[in-house]
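The values are calculated or read from the model by the stated rules, or taken from the named source; none is laboratory data. Everything numeric in this text was worked out from a predicted model, so none of it was measured. No Cβ is skipped: glycine too gets one built from the backbone with ideal geometry, and neighbour counts run over all protein chains shown.
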Amino acid sequence: MDYRTIDPPATLTHVVRFFWTLEGGVQGRAPHRLIAETCPNLVFICRGRFIEADGRPAPPAHLAGAINAFADNVACGPFSLFGAYLWPWSVQALFGLRPEACFNTFTGLDVLWGAEGSDLEARMCAAPDHAQRADLLTAALQRRVVDGTDAPMEGIVQRILEEQGRTPMDEVIARSGTGRRQFERRFKACTGFSPALFARILRAQRTYRMLERGEAASLTELAHACGYFDQSHFIRDFKRFSGLNPRDYFVKASEKADNFLQLPG
(Lines give C-alpha, C1' and ligand atoms only; values in the text may rest on other atoms or scores of the structure.)
Protein backbone atom coordinates (compact mmCIF):
# COMPACT_ATOMS: atom_id res chain seq x y z
CA MET A 1 0.00 0.00 0.00
CA ASP A 2 1.06 3.59 -0.63
CA TYR A 3 0.40 5.90 2.33
CA ARG A 4 1.19 9.64 2.29
CA THR A 5 0.36 12.72 4.34
CA ILE A 6 -0.32 16.36 3.43
CA ASP A 7 -0.03 19.27 5.86
CA PRO A 8 -3.22 21.31 6.28
CA PRO A 9 -3.18 25.11 5.96
CA ALA A 10 -2.58 27.12 9.12
CA THR A 11 -6.27 28.08 9.23
CA LEU A 12 -7.22 24.44 9.87
CA THR A 13 -4.48 23.14 12.17
CA HIS A 14 -6.76 23.51 15.21
CA VAL A 15 -9.17 20.93 13.75
CA VAL A 16 -7.08 18.89 11.26
CA ARG A 17 -3.88 17.11 12.32
CA PHE A 18 -3.07 16.24 8.70
CA PHE A 19 -4.59 15.06 5.45
CA TRP A 20 -3.65 11.55 4.29
CA THR A 21 -3.96 9.37 1.21
CA LEU A 22 -3.92 5.60 0.97
CA GLU A 23 -3.76 3.55 -2.23
CA GLY A 24 -4.18 -0.22 -2.37
CA GLY A 25 -3.85 -2.38 -5.47
CA VAL A 26 -4.90 -5.84 -4.25
CA GLN A 27 -7.55 -7.50 -6.41
CA GLY A 28 -10.55 -9.16 -4.78
CA ARG A 29 -11.44 -8.94 -1.10
CA ALA A 30 -8.74 -8.01 1.41
CA PRO A 31 -9.33 -7.79 5.20
CA HIS A 32 -8.15 -4.69 7.04
CA ARG A 33 -8.00 -4.19 10.78
CA LEU A 34 -8.26 -0.82 12.49
CA ILE A 35 -6.66 -0.64 15.92
CA ALA A 36 -8.08 1.42 18.77
CA GLU A 37 -7.76 5.11 17.90
CA THR A 38 -8.36 8.23 19.99
CA CYS A 39 -8.95 10.57 17.04
CA PRO A 40 -11.64 10.57 14.33
CA ASN A 41 -11.07 10.58 10.58
CA LEU A 42 -13.09 12.11 7.76
CA VAL A 43 -12.72 9.61 4.90
CA PHE A 44 -13.51 9.72 1.18
CA ILE A 45 -13.47 6.44 -0.74
CA CYS A 46 -12.52 7.77 -4.16
CA ARG A 47 -12.11 4.33 -5.74
CA GLY A 48 -13.17 0.85 -4.64
CA ARG A 49 -15.41 0.09 -1.69
CA PHE A 50 -15.20 -1.14 1.89
CA ILE A 51 -17.47 -3.48 3.83
CA GLU A 52 -17.92 -2.88 7.55
CA ALA A 53 -17.78 -5.67 10.15
CA ASP A 54 -21.60 -5.99 10.16
CA GLY A 55 -21.65 -6.52 6.39
CA ARG A 56 -22.86 -3.06 5.41
CA PRO A 57 -20.97 -1.06 2.77
CA ALA A 58 -19.11 1.91 4.22
CA PRO A 59 -20.49 5.24 2.95
CA PRO A 60 -18.25 6.67 0.19
CA ALA A 61 -17.75 9.78 2.34
CA HIS A 62 -17.99 9.31 6.09
CA LEU A 63 -16.86 10.37 9.52
CA ALA A 64 -15.04 7.46 11.14
CA GLY A 65 -15.32 8.06 14.86
CA ALA A 66 -12.69 7.19 17.42
CA ILE A 67 -12.37 3.46 18.19
CA ASN A 68 -12.21 2.22 21.78
CA ALA A 69 -11.32 -1.40 20.94
CA PHE A 70 -10.59 -2.57 17.37
CA ALA A 71 -12.60 -2.96 14.20
CA ASP A 72 -12.41 -5.05 11.05
CA ASN A 73 -13.49 -4.20 7.54
CA VAL A 74 -12.91 -5.58 4.06
CA ALA A 75 -11.59 -3.75 1.01
CA CYS A 76 -13.18 -4.88 -2.25
CA GLY A 77 -10.76 -4.48 -5.13
CA PRO A 78 -8.13 -1.77 -5.63
CA PHE A 79 -8.93 1.38 -3.68
CA SER A 80 -7.98 5.03 -3.28
CA LEU A 81 -8.73 6.91 -0.08
CA PHE A 82 -8.40 10.54 0.91
CA GLY A 83 -8.80 11.44 4.56
CA ALA A 84 -8.47 14.13 7.19
CA TYR A 85 -7.04 12.97 10.52
CA LEU A 86 -8.84 15.16 13.05
CA TRP A 87 -8.35 16.18 16.66
CA PRO A 88 -10.85 14.63 19.11
CA TRP A 89 -12.75 17.92 19.60
CA SER A 90 -13.10 18.43 15.84
CA VAL A 91 -16.27 16.32 15.91
CA GLN A 92 -17.88 19.14 17.89
CA ALA A 93 -16.21 21.94 15.92
CA LEU A 94 -17.16 20.57 12.48
CA PHE A 95 -20.30 18.50 13.04
CA GLY A 96 -21.80 19.74 16.30
CA LEU A 97 -21.59 16.29 17.90
CA ARG A 98 -20.15 14.99 21.16
CA PRO A 99 -17.04 12.91 20.41
CA GLU A 100 -18.41 9.76 22.08
CA ALA A 101 -21.55 9.93 19.93
CA CYS A 102 -19.40 8.86 16.98
CA PHE A 103 -17.36 6.11 18.64
CA ASN A 104 -17.00 2.92 16.57
CA THR A 105 -19.23 4.20 13.76
CA PHE A 106 -18.99 5.30 10.13
CA THR A 107 -21.51 8.12 9.61
CA GLY A 108 -22.20 9.27 6.05
CA LEU A 109 -21.27 12.86 5.24
CA ASP A 110 -24.68 13.24 3.62
CA VAL A 111 -26.25 12.45 7.01
CA LEU A 112 -24.02 14.98 8.77
CA TRP A 113 -24.09 17.84 6.25
CA GLY A 114 -27.11 17.04 4.07
CA ALA A 115 -26.99 18.24 0.46
CA GLU A 116 -23.66 20.00 1.06
CA GLY A 117 -22.16 16.69 2.18
CA SER A 118 -23.49 14.87 -0.87
CA ASP A 119 -22.12 17.56 -3.19
CA LEU A 120 -18.68 17.47 -1.55
CA GLU A 121 -18.60 13.68 -1.82
CA ALA A 122 -19.31 13.86 -5.56
CA ARG A 123 -16.69 16.55 -6.18
CA MET A 124 -14.03 14.78 -4.10
CA CYS A 125 -14.52 11.50 -5.96
CA ALA A 126 -14.51 13.25 -9.35
CA ALA A 127 -11.36 15.30 -8.65
CA PRO A 128 -8.40 14.29 -10.86
CA ASP A 129 -5.81 14.11 -8.07
CA HIS A 130 -5.25 14.35 -4.33
CA ALA A 131 -3.92 17.91 -4.51
CA GLN A 132 -7.29 19.11 -5.77
CA ARG A 133 -9.04 17.00 -3.13
CA ALA A 134 -6.99 18.74 -0.45
CA ASP A 135 -8.10 22.12 -1.81
CA LEU A 136 -11.76 21.07 -2.00
CA LEU A 137 -11.81 19.68 1.52
CA THR A 138 -9.91 22.66 2.92
CA ALA A 139 -12.53 25.05 1.55
CA ALA A 140 -15.40 22.93 2.87
CA LEU A 141 -13.93 22.63 6.38
CA GLN A 142 -13.15 26.34 6.56
CA ARG A 143 -16.83 27.08 5.88
CA ARG A 144 -17.98 24.69 8.60
CA VAL A 145 -15.53 25.07 11.49
CA VAL A 146 -16.59 26.85 14.68
CA ASP A 147 -14.49 27.82 17.67
CA GLY A 148 -13.82 25.19 20.32
CA THR A 149 -15.61 25.41 23.65
CA ASP A 150 -12.62 24.61 25.90
CA ALA A 151 -9.41 25.87 24.30
CA PRO A 152 -7.24 25.27 27.41
CA MET A 153 -8.25 21.60 27.58
CA GLU A 154 -7.82 21.22 23.83
CA GLY A 155 -4.27 22.50 24.26
CA ILE A 156 -3.60 19.92 26.96
CA VAL A 157 -4.99 17.08 24.82
CA GLN A 158 -2.98 18.26 21.83
CA ARG A 159 0.23 18.12 23.86
CA ILE A 160 -0.63 14.63 25.15
CA LEU A 161 -1.13 13.41 21.59
CA GLU A 162 1.98 15.10 20.24
CA GLU A 163 4.03 13.53 23.06
CA GLN A 164 2.35 10.18 22.25
CA GLY A 165 1.18 9.89 25.84
CA ARG A 166 4.67 9.69 27.33
CA THR A 167 3.90 12.02 30.25
CA PRO A 168 1.99 10.11 32.98
CA MET A 169 -1.62 11.27 33.19
CA ASP A 170 -1.34 11.96 36.92
CA GLU A 171 1.46 14.41 36.13
CA VAL A 172 -0.64 16.03 33.39
CA ILE A 173 -3.54 16.49 35.81
CA ALA A 174 -1.25 17.93 38.50
CA ARG A 175 0.15 20.48 36.03
CA SER A 176 -3.29 21.49 34.75
CA GLY A 177 -4.13 23.58 37.80
CA THR A 178 -7.57 21.96 38.14
CA GLY A 179 -8.92 19.33 40.49
CA ARG A 180 -9.05 15.72 39.28
CA ARG A 181 -12.84 15.57 38.97
CA GLN A 182 -13.02 18.81 37.01
CA PHE A 183 -10.14 17.71 34.79
CA GLU A 184 -11.80 14.34 34.08
CA ARG A 185 -15.12 16.00 33.25
CA ARG A 186 -13.56 18.53 30.88
CA PHE A 187 -11.27 15.89 29.35
CA LYS A 188 -14.19 13.60 28.57
CA ALA A 189 -16.19 16.46 27.06
CA CYS A 190 -13.22 17.26 24.82
CA THR A 191 -12.28 13.72 23.73
CA GLY A 192 -15.14 11.36 24.64
CA PHE A 193 -12.66 9.27 26.66
CA SER A 194 -11.76 9.10 30.30
CA PRO A 195 -8.14 10.20 30.84
CA ALA A 196 -7.19 6.67 31.91
CA LEU A 197 -8.56 4.93 28.79
CA PHE A 198 -7.11 7.62 26.53
CA ALA A 199 -3.67 7.04 28.06
CA ARG A 200 -3.99 3.26 27.73
CA ILE A 201 -4.78 3.50 24.02
CA LEU A 202 -1.84 5.83 23.38
CA ARG A 203 0.51 3.51 25.26
CA ALA A 204 -0.72 0.52 23.23
CA GLN A 205 -0.18 2.51 20.02
CA ARG A 206 3.46 3.04 21.00
CA THR A 207 3.93 -0.73 21.11
CA TYR A 208 2.67 -1.06 17.52
CA ARG A 209 5.02 1.68 16.33
CA MET A 210 8.00 0.00 17.98
CA LEU A 211 7.07 -3.39 16.52
CA GLU A 212 6.64 -2.02 13.01
CA ARG A 213 10.01 -0.26 13.23
CA GLY A 214 11.82 -3.27 14.73
CA GLU A 215 12.81 -1.27 17.81
CA ALA A 216 12.36 -4.05 20.37
CA ALA A 217 14.34 -7.28 20.59
CA SER A 218 11.74 -9.06 22.73
CA LEU A 219 8.21 -8.62 24.04
CA THR A 220 9.58 -8.06 27.55
CA GLU A 221 11.77 -5.21 26.29
CA LEU A 222 8.82 -3.80 24.36
CA ALA A 223 6.51 -3.89 27.38
CA HIS A 224 9.02 -2.16 29.65
CA ALA A 225 9.87 0.49 27.05
CA CYS A 226 6.20 1.44 26.77
CA GLY A 227 5.63 1.61 30.52
CA TYR A 228 4.10 -1.80 31.17
CA PHE A 229 5.50 -3.42 34.32
CA ASP A 230 2.94 -6.20 34.42
CA GLN A 231 3.16 -8.65 31.49
CA SER A 232 -0.47 -9.72 31.84
CA HIS A 233 -1.59 -6.08 31.67
CA PHE A 234 0.47 -5.59 28.51
CA ILE A 235 -1.02 -8.69 26.85
CA ARG A 236 -4.57 -7.75 27.89
CA ASP A 237 -4.32 -4.21 26.49
CA PHE A 238 -2.61 -5.36 23.30
CA LYS A 239 -5.37 -7.87 22.58
CA ARG A 240 -8.17 -5.49 23.54
CA PHE A 241 -6.97 -2.66 21.33
CA SER A 242 -5.67 -4.66 18.36
CA GLY A 243 -7.51 -8.00 18.53
CA LEU A 244 -4.14 -9.75 18.23
CA ASN A 245 -1.89 -11.72 20.51
CA PRO A 246 1.34 -9.69 20.93
CA ARG A 247 3.56 -12.73 20.33
CA ASP A 248 1.87 -13.49 17.01
CA TYR A 249 2.19 -9.86 15.98
CA PHE A 250 5.82 -9.74 17.11
CA VAL A 251 6.71 -12.71 14.90
CA LYS A 252 4.93 -11.34 11.82
CA ALA A 253 5.11 -7.57 12.36
CA SER A 254 6.36 -6.84 8.85
CA GLU A 255 3.42 -8.74 7.37
CA LYS A 256 0.82 -7.24 9.69
CA ALA A 257 1.93 -3.62 9.42
CA ASP A 258 0.09 -3.00 6.15
CA ASN A 259 -3.22 -3.84 7.84
CA PHE A 260 -3.02 -0.64 9.90
CA LEU A 261 -3.27 2.96 8.84
CA GLN A 262 0.09 4.47 9.71
CA LEU A 263 0.09 6.17 13.09
CA PRO A 264 1.69 9.57 13.57
CA GLY A 265 5.03 9.97 15.28
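Just to be sure before I move on: is A189 modelled with pLDDT of 90 or more, among the small types (G, A, S) and not assigned by TED's automatic domain parsing to the domain that holds L34 in the structure I sent? Yes. Is it fair to say T138 is hydroxyl-bearing (S, T, Y), outside the structural domain of K239 (by TED's automatic domain parsing) and surrounded by 12 or more Cβ atoms within 10 Å (Cβ to Cβ)? Criteria met by T138.
Quick one: count up the residues across segment 210-243 that are buried (at least 18 other Cβ atoms within 10 Å of the Cβ), within 18 Å of E37 (Cα to Cα) and free of Cβ contacts under 8 Å to residues at least 60 places away in the same chain. Counting residues in segment 210-243 that are buried (at least 18 other Cβ atoms within 10 Å of the Cβ), within 18 Å of E37 (Cα to Cα) and free of Cβ contacts under 8 Å to residues at least 60 places away in the same chain gives 5. Beta carbons closer than 8 Å, at least 6 apart along the sequence or on distinct chains, pair a first residue in segment 120-136 that is over 18 Å from R4 (Cα atoms) and modelled with pLDDT of 95 or more with a second that is surrounded by 13 or more Cβ atoms within 10 Å (Cβ to Cβ) and acidic (D, E) for E121/D110. Filtered by the rule that a residue be closer than 18 Å to S80 by Cα, surrounded by 15 or more Cβ atoms within 10 Å (Cβ to Cβ) and of a type outside the set (F, W, Y), segment 106-122 gives G108, L109, L120, E121. Of all the listed residues (F103, F82), the sole one being at pLDDT 95 or above, surrounded by fewer than 21 Cβ atoms within 10 Å (Cβ to Cβ), aromatic (F, W, Y) and not assigned by TED's automatic domain parsing to the domain that holds E162 is F103.
When P88 is tested against (1) part of a helix (DSSP H, G or I); (2) in contact with a Ser or Thr (Cβ under 9 Å, 6 or more places away or on another chain); (3) in contact (Cβ under 8 Å) with a residue 60 or more places away in the chain; (4) of a type outside the set (D, E), exactly one condition is not met: (1).
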